[in-house]
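The values are calculated or read from the model by the stated rules, or taken from the named source; none is laboratory data. Remember, it's a predicted structure, so these values are computed and weren't measured experimentally. Positions of Cβ are generated from backbone atoms using ideal geometry, with glycine treated the same way; all protein chains shown enter the neighbour counts. Please note that ligands, DNA and RNA were not included when accessible areas were found on the heavy atoms of the full protein model with its side chains. Shrake-Rupley method; radii C 1.70, N 1.55, O 1.52, S 1.80 Å.
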Amino acid sequence: LKAIEKEREAGRVGSSLQAGVEIRVGGERAAALESLQDDLRFVMITSVARLVVLAENDPQAAAEIRVWPVEDPKCGRCWHLRPDVGSHAAHPTLCGRCIENLQDA
């Protein structure tokens, strides 16, 4: 979250949902984050979250976080910036996940 805040202060992203995050980490931290799978973006409150698991014997195995602005369209329901917004003719302002959730309701 500190890395996102630095990008916000620099004016490169607005809200955290306008950011993508890549976390590079190894060991127990990686295992804990890996268990979240796609839900990592919800925990991070970002539109994109990627995990890169580093090998334990990697000399670069120190945790590293990269943040970038996401430029995908905004879902009108969840507000995440997703590449699949507008891909469903019946719901042109929603992402695929929101469409699935509405259909299951």
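Tabulated data
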{"item": "Cα gyration tensor, the chain - rounded (a/c under 1.5), prolate or oblate", "result": "oblate"}
{"item": "Residue-normalised accessible area of the chain, given per residue in Å² at a 1.4 Å probe", "result": "65 Å²"}
{"item": "Size of charge dipole - the chain - debye, nearest 20, with Cβ of Lys, Arg +1 and Asp, Glu -1, no other charges", "result": "380 debye"}
{"item": "Phi-based couplings in Hz for segment 80-89 (Karplus 6.51, -1.76, 1.60; Gly and Pro marked x)", "result": "6, 8, 9, x, 8, 5, x, 7, 10, 4"}
{"item": "For the chain, calculated [θ]222 nm from helices alone, where every DSSP H run of n ≥ 4 adds -39500 (n - 2.57)", "result": "-7500 deg cm²/dmol"}
{"item": "For the chain: relative contact order, % (alpha-carbon pairs under 8 angstrom, 6 or more apart)", "result": "26 percent"}
{"item": "Sulfur and carbon atoms: percent of accessible area, the chain [1.4 Å]", "result": "50 percent"}
{"item": "For segment 65-76, Karplus couplings with θ = phi - 60° (6.51, -1.76, 1.60), whole Hz, Gly/Pro x", "result": "10, 10, 10, 9, x, 8, 10, 6, x, 8, 6, x"}
{"item": "Positive-end residue, the chain charge dipole about Cα centroid, Cβ charges, pick of Ala49, Gly14, Gln37", "result": "Gly14"}
{"item": "Residue-wise HN-Hα coupling along segment 7-12, computed from phi with Karplus coefficients 6.51, -1.76, 1.60 (Hz; x: Gly, Pro)", "result": "5, 5, 4, 7, x, 8"}
